[in-house]
Each structure stands twice: as C-alpha cells, then as structure tokens.
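Structure first, commentary second.
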Amino acid sequence: RHRVLSGIQPTADSFHLGNYLGAVRQWVELQDEYDAFYFIPDLHAITVPQDPKELRARTRRAAAQLLAVGIDPARSTLFVQSHVPEHAQLAWVLNCITGFGEAGRMTQFKDKSARQGSDQASVGLFTYPVLQAADILLYRPQRVPVGEDQRQHLELTRDLAQRFNSRYKKTFVVPEAHIVTGIAKIYDLQEPTAKMSKSGSGVSGRIDILDDPAVSAKKIRSAVTDNEREIRYDTAEKPGVSNLLTIQSALTGTPVATLVEGYVGKGYGDLKSDTADAVSAFSAPVRTAFTEYMNDPAELDRILRDGAEHARSIASRTLAQVYDRVGFLPPK
Ligand code: TYM
C-alpha cells in the first residue's frame with residue numbers, strides 16, 4: 001500500500017477551518033486507501049516562542065481534535081513528533097546538504113523573520129523547512145496532503161530527497177504534494193485576500209473548529225463582503241463572497257455553481273446564515289467527540305504511545321540507512 005504523511009502544529013487551542021478544509025479533511029479521506037501517518041510537530045512549534053504549559057496542553061488538544069474529526073488510530077498512525085527522536089536526527093543530516101541561500105529563499109521564513117526582526121528570529125525558524133523534509137522523508141510517503149501555503153516546503157523536500165539519492169544512493173522516495181484545488185486556501189473573514197491563519201487579522205477573521213456555534217455565526221455575520229448585492233463566485237472581484245461560497249460548498253458537498261443558482265434573488269444575509277448553519281452542523285459532533293477524548297487522558301496517551309512506537313519502528317530503519325550511507329561508524 002502507498003503511504004501518506006502529514007502534520008499540524010500545536011500552536012493554537014483549536015484548529016481553524018483553513019486547517020481542516022485545506023488539509024485535515026483530506027487526511028481523514030486518505031486513511032482508507034493509504035498507509036497513513038499523521039503527527040503533531042511540536043519541534044516545529046518551538047521555532048517561535050511558546051509557553052511550555054500551553055504547548056503541552058495544545059499538543060493534547062491537537063491529538064484530541066484529530067481523533068474527533070475522524071482520524072482513526074486503528075487505520076492511521078498518530079503520534080507526537082518529539083516522541084520520535086529520529087526526526088531531529090535526520091534533520092541534522094539534511095541540514096548539511098541544504099544550501100544557506102536555498103533555505104533563505106523560503107517565503108514562510110522570510111515572512112515570519114521579517115515580522116520578528118532578524119535578532120528575534122531563531123536559527124530554528126531558518127531551518128524549519130529542513131526539519132519538515134526530515135519528517136516526511138523518514139517514512140517514504142508517496143503523498144503529503146497539505147494546504148497551498150506548504151507547496152514551497154514540499155518542493156524543498158523533493159529537492160533534498162533527490163540530492164541525497166544522487167549524492168549517496170537511492171534512499172528516499174520523492175514525495176508529491178497532495179493539494180486539492182478550490183479549498184487549498186481558505187481566506188480570512190475580515191481580510192478575504194489573506195489566508196485564514198492563527199495570527200492573521202485576529203479571532204474575528206478565523207473560524208475555529210471548536211468555536212461555539214453562536215460565536216462562529218457571529219464571525220460569519222460580520223465577514224467582509226462588498227458593496228454589490230449579487231452572489232456569484234469571483235475570487236478577484238468578490239473575494240469575501242467567494243470565500244463564504246467555498247466554505248459552505250466544502251462543508252455541505254453542494255457544488256459552488258448549484259449554491260449560486262439557489263441564491264438568485266437572495267441576499268448576503270441568506271448566504272451568511274446558510275454558511276453559519278453549515279459550520280455549526282459540522283462542528284457540533286466534533287465538539288462532542290473532542291470533549292470525550294479530552295476527558296479520557298489515559299486513552300489519548302495510549303493512542304499516542306502506540307503511534308510513536310509504530311512510527312519509530314519505521315523511522316529508525318530509515319535513519320540507520322542514512323547514517324550508513326553518509327559514512328558514520330556504527331557503534332559496536
Ligand atoms: P500548519 O500547522 O500551519 O497547518 C496545518 C495544515 O493546514 C493547512 N492550512 C491551510 N489550508 C487552507 N487554507 C488555509 N487558510 C490554511 N492554513 C493552514 C496547511 O497548509 C497545513 O497543511 N509546516 C506545517 C506542519 C508540518 C508538516 C510536516 C506538514 C511540519 N512537518 C510534514 C506536512 C508534512 C505547518 O506549519 O502546518
């Protein structure tokens with residue numbers, strides 16, 4: 001069976017709808033067909049300052065959310081990155097075949113370090129995409145389901161895999177990004193030309209999957225649209241309206257064109273209240289399941305322990321090959 005792998009950072013109390021529609025929903029679908037590995041990259045999280053207590057809590061919450069949206073530990077391997085030390089070990093080796101300029105061209109690094117200032121930005125932030133490449137290459141997946149913002153990191157991963165394979169010996173699978181057009185970039189409700197994100201325009205621009213339905217409905221009601229009245233899909237002229245159509249279509253399964261036909265003669269209020277209904281129908285069972293997992297920490301620990309054990313059994317074999325190929329003397 002072919003393999004998929006992906007990760008989501010534990011840097012907020014809740015995933016937002018962009019995380020879910022752009023990535024995690026595909027993870028759930030892919031676990032039927034693929035040997036699936038999903039993990040919580042806590043090593044990546046500390047590339048920017050984190051409160052230790054909060055990080056630990058958010059790591060648990062991330063695991064509980066993944067289970068709540070349908071990641072099934074009987075079919076998928078779910079684990080925490082720091083439980084598998086091979087990630088950091090392979091990252092070191094890959095750091096040594098990555099160009100300084102190559103890493104410096106990563107747009108996410110440029111954006112984040114510009115925001116923090118070069119004295120505040122860590123070396124960890126600089127080498128973040130190399131760690132991400134290690135996360136992926138250790139497991140030799142064919143596909144990596146992510147949102148649009150991860151495309152460049154996937155390109156770097158492919159380059160590093162090819163470089164290692166040709167410099168030493170064929171070791172890594174060169175993975176493909178699995179990016180679903182139409183939903184790979186969900187936009188901020190307040191600033192519909194920017195992606196929905198944990199930082200972004202603030203909480204009002206972002207729908208968290210654990211939001212109370214009344215809260216998400218309020219955010220959607222105050223979403224920025226435009227001065228026309230017509231509901232149509234046009235990302236250039238009507239980014240706000242188009243984003244709501246995308247969200248509603250993705251959550252209900254009704255094609256955007258069908259939604260648009262149904263709105264002839266109706267107004268933005270209708271679009272917003274239908275979208276809020278779709279969000280609350282999705283989030284109600286997720287919130288219930290999330291609470292159940294959070295109330296059973298022993299079960300959560302067991303799932304993560306089993307996941308890490310299985311992940312390590314694969315990661316350690318890849319790392320041993322890598323160490324051998326670069327010429328490290330094995331301990332005797
Ligand atoms: P992270 O934690 O920022 O986001 C998790 C996933 O959500 C996607 N995403 C979006 N998709 C659509 N619209 C949006 N507005 C939106 N915002 C976020 C992201 O593309 C991502 O797929 N570097 C990764 C984590 C990572 C990883 C990996 C991923 C670490 N190692 C190995 C894949 C493979 C990140 O920060 O994602």
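The values are calculated or read from the model by the stated rules, or taken from the named source; none is laboratory data. Model, not experiment: these values are computed from the prediction. Glycine gets a Cβ as well: all are built from the backbone with ideal geometry, and neighbour counts include every protein chain shown. Ligands, DNA and RNA are stripped out before the accessible areas are found, and what is left, the full protein with its side chains, is counted by its heavy atoms. Shrake-Rupley method; radii C 1.70, N 1.55, O 1.52, S 1.80 Å.
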Query - Residue selected from segment 38-48 under the condition outside any strand (DSSP E or B) and near the ligand (Cβ under 8 Å from one of its atoms), by the criterion nearest to F79 (Cα to Cα) - result: P41
Report summary line: Restricting attention to segment 169-218, the residues that are closer than 24 Å to A284 by Cα and surrounded by 20 or more Cβ atoms within 10 Å (Cβ to Cβ) number exactly 15
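Mind listing whichever residues of segment 287-313 are β-branched (V, I, T) and either at pLDDT below 95 or touching a Leu at 6+ places or on another chain (Cβ under 7 Å) (or both)?
Residues of segment 287-313 β-branched (V, I, T): 288, 291, 303.
Within segment 287-313, I303 is the sole residue that qualifies.
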**Report entry** Residue, nearest to the chain's Cα centre (by Cα), within segment 263-278, restricted to residues that are closer than 15 Å to E228 by Cβ and open to solvent by 60 Å² or more (accessible area, probe 1.4 Å)
**Finding:** D270
Query raised in the report: Residues in segment 298-306: is at least one assigned to a helix (DSSP H, G or I), surrounded by 12 or more Cβ atoms within 10 Å (Cβ to Cβ), among the acidic types (D, E) and free of Cβ contacts under 8 Å to residues at least 40 places away in the same chain?
Result: yes
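Table: residues versus (1) at pLDDT 95 or above; (2) part of a helix (DSSP H, G or I); (3) within 12 Å of the ligand (Cβ to nearest atom).
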{"site": "A62", "(1), (2), (3)": "yes, yes, yes"}
{"site": "A74", "(1), (2), (3)": "yes, no, no"}
{"site": "A91", "(1), (2), (3)": "yes, yes, yes"}
{"site": "G124", "(1), (2), (3)": "yes, yes, no"}
Query raised in the report: Here are some residues: T47, T59. Which one is surrounded by 19 or more Cβ atoms within 10 Å (Cβ to Cβ), hydroxyl-bearing (S, T, Y) and within 22 Å of E292 (Cα to Cα)?
Result: T59
Query - When residues of segment 1-37 are limited to those that are part of a strand (DSSP E or B) and within 9 Å of the ligand (Cβ to nearest atom), the one most open to solvent (accessible area, probe 1.4 Å) - result: G7
